[in-house]
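Chemist: Supplied in C-alpha cells, the structure appears directly below.
The values are calculated or read from the model by the stated rules, or taken from the named source; none is laboratory data. From a predicted model like this one, the values you see are computed outputs, not experimental measurements. Virtual Cβ from ideal backbone geometry, glycine too; neighbours counted across all protein chains shown. These accessible areas exclude ligands, DNA and RNA; they are computed on the full protein's heavy atoms, side chains included. Shrake-Rupley method; radii C 1.70, N 1.55, O 1.52, S 1.80 Å.
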Amino acid sequence: MVMGAIWLGMILLSVGAAFGSGNTGVLTPAALEGASAAITLCISLAGALCLWSGLSKVMERTGLTEKLGKLMRPLFRRLFPQTSKDEIALGCLTANVSANLLGLGSAATPMGVAAVKRMQTLAGGTEATDEMCRLIVMNTASIQLLPTTVAAVRAAAGAASPFDILPAVWLTSVCSVVAGLLAAFLFGRLRRD
C-alpha cells in the first residue's frame, strides 16, 4: 500500500515536471524505454536466480548442504543453542545460510521463514525469541561469497567484469553481519535485564 503511493507520487511528479518544463514529447518515449529496460533486467535476473537456485537444489540433493551444516554446527551452536539441537531446524538454517552465501536473497527467504517457523514451534509460543531475531539479522545482513544478484544486475547494465566487486562485498557483508549480531546480542541481554 505504501509502496503503491510512493510509485504513484513519483509518476505524478514526473508527469508534472514534463508538463512544467514543456518536454511532454519525451515523456512517452522515456516511459517505453524504461519499461523495456525493466523487462530486460527482470529476464536477466530470473536467469541468474534460476541458475543459482538450481545449484542450491543440487547441493541439497547431493548432501553438500548437510555437510555444510556439519561444518557450520560449531558456529550455529553458539549463535542458536536451542535451535541447533533440532535436526530439521538446523537443516533449514543451513539451507538459508548456504543460499545467502551464494547471494540468493530471494531463494534464501523461504528457507529462513521455514527456520523461523520451526524455531517458533520449538519455543512453544508466538513471541520472537532472541534466536529468531539473530536469524533475521543474519538473513538480512547476510555474508555473501558470491553476490550473484548484484553481479547479474551489473552484467545486465553492461559491466565488463561483474564480479570485480567481490572484495568490497566480502568486507561490507562481514562487517554488517558482525555489527548486526552484536546489536542483537546486546538488545537481547538488555531485554532480559
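Chemist: Please name all residue pairs, on different chains or six or more residues apart, with Cβ atoms under 7 Å, provided the first residue is in region 110-139 and is of a type in the set (Lys, Arg) and the second residue is part of a helix (DSSP H, G or I) and open to solvent by 40 Å² or more (accessible area, probe 1.4 Å).
Modeler: That search, which allows pairs on different chains as well, returns ARG118/ILE88.
Chemist: Among the candidates LEU75, LEU68, single out the residue that is surrounded by fewer than 18 Cβ atoms within 10 Å (Cβ to Cβ), modelled with pLDDT under 80 and in a helix (DSSP H, G or I). Steps first, please.
Modeler: Values: LEU75 fails: modelled with pLDDT under 80.
None of the other options fit; the residue is LEU68.
Chemist: A follow-up question, please. For region 88-110, does any single residue satisfy the condition of being at positive phi and at pLDDT 80 or above? Steps first, answer last, please.
Modeler: Keep residues of region 88-110 that are at positive phi, which gives 103.
From what's left, at pLDDT 80 or above: none.
Checked against the condition, which is being at positive phi and at pLDDT 80 or above, region 88-110 yields no hits at all.
Chemist: Taking the condition open to solvent by 40 Å² or more (accessible area, probe 1.4 Å) and among the basic types (Lys, Arg), does ARG118 pass?
Modeler: Working: open to solvent by 40 Å² or more (accessible area, probe 1.4 Å): yes; among the basic types (Lys, Arg): yes.
Spelling it out, ARG118 is indeed open to solvent by 40 Å² or more (accessible area, probe 1.4 Å) and among the basic types (Lys, Arg).
Chemist: Report yes if some residue within region 147-167 is closer than 24 Å to PHE80 by Cα, among the hydroxyl-bearing types (Ser, Thr, Tyr) and surrounded by 13 or more Cβ atoms within 10 Å (Cβ to Cβ); otherwise report no.
Modeler: If we filter region 147-167 for residues that are closer than 24 Å to PHE80 by Cα, which is where we start, we get none.
Within region 147-167 (the criterion being closer than 24 Å to PHE80 by Cα, among the hydroxyl-bearing types (Ser, Thr, Tyr) and surrounded by 13 or more Cβ atoms within 10 Å (Cβ to Cβ)), the answer is no, since none of the residues qualifies.
Chemist: Those residues that are open to solvent by less than 60 Å² (accessible area, probe 1.4 Å) and touching a residue at least 12 places away in the same chain (Cβ under 8 Å), I need them from region 1-40; list them, please.
Modeler: VAL15, LEU27
Chemist: Could you please let me know if PRO81 is farther than 22 Å from LYS70 by Cα and out of contact with any Ser or Thr (no Cβ under 7 Å at 6 or more places or on another chain)? Don't jump to the end; show me each part of the working.
Modeler: On the way: farther than 22 Å from LYS70 by Cα: no; out of contact with any Ser or Thr (no Cβ under 7 Å at 6 or more places or on another chain): yes.
Criteria not met by PRO81.
Chemist: Where the second residue is in a helix (DSSP H, G or I) and the first is among the β-branched types (Val, Ile, Thr) and lies in region 165-193, which pairs have Cβ atoms under 6 Å and are six or more apart or on separate chains?
Modeler: VAL177/ALA141
Chemist: I'd like the residue in region 121-136 that is among the hydrophobic types (A, V, I, L, M, F, W, C) and either open to solvent by 40 Å² or more (accessible area, probe 1.4 Å) or in contact with a Lys or Arg (Cβ under 7 Å, 6 or more places away or on another chain) (or both) and, out of all such residues, is nearest to VAL174 (Cα to Cα). Walk me through how you get there before you give the answer.
Modeler: Step one: list which residues in region 121-136 are among the hydrophobic types (A, V, I, L, M, F, W, C), which gives 122-123, 128, 132-133, 135-136.
Then drop every residue that is not either open to solvent by 40 Å² or more (accessible area, probe 1.4 Å) or in contact with a Lys or Arg (Cβ under 7 Å, 6 or more places away or on another chain) (or both), which leaves 122-123, 128, 133, 136.
On the way: LEU122: 29, ALA123: 29, ALA128: 24, CYS133: 18, ILE136: 15 Å.
Only one residue fits best here, namely ILE136.
Chemist: Please tell me if GLY54 is within 26 Å of ALA151 (Cα to Cα), out of contact with any strand residue (DSSP E or B) (no Cβ under 8 Å at 6 or more places or on another chain), open to solvent by less than 40 Å² (accessible area, probe 1.4 Å) and free of Cβ contacts under 8 Å to residues at least 12 places away in the same chain.
Modeler: Details: within 26 Å of ALA151 (Cα to Cα): yes; out of contact with any strand residue (DSSP E or B) (no Cβ under 8 Å at 6 or more places or on another chain): yes; open to solvent by less than 40 Å² (accessible area, probe 1.4 Å): yes; free of Cβ contacts under 8 Å to residues at least 12 places away in the same chain: yes.
Judged against the criteria, GLY54 is a match.
Chemist: Would you point out which residue out of THR62, THR140 is more than 21 Å from PRO162 (Cβ to Cβ), open to solvent by 20 Å² or more (accessible area, probe 1.4 Å), β-branched (Val, Ile, Thr) and more than 17 Å from the chain's Cα centre (by Cα)? Don't jump to the end; show me each part of the working.
Modeler: Working: THR140 fails: more than 17 Å from the chain's Cα centre (by Cα).
THR62 is the lone residue from the list that is more than 21 Å from PRO162 (Cβ to Cβ), open to solvent by 20 Å² or more (accessible area, probe 1.4 Å), β-branched (Val, Ile, Thr) and more than 17 Å from the chain's Cα centre (by Cα).
Chemist: Considering only residues that are closer than 22 Å to LEU182 by Cβ and of a type in the set (Val, Ile, Thr), look in region 78-115 and name the one that is most open to solvent (accessible area, probe 1.4 Å).
Modeler: Going through the qualifying residues, I end up with VAL97.
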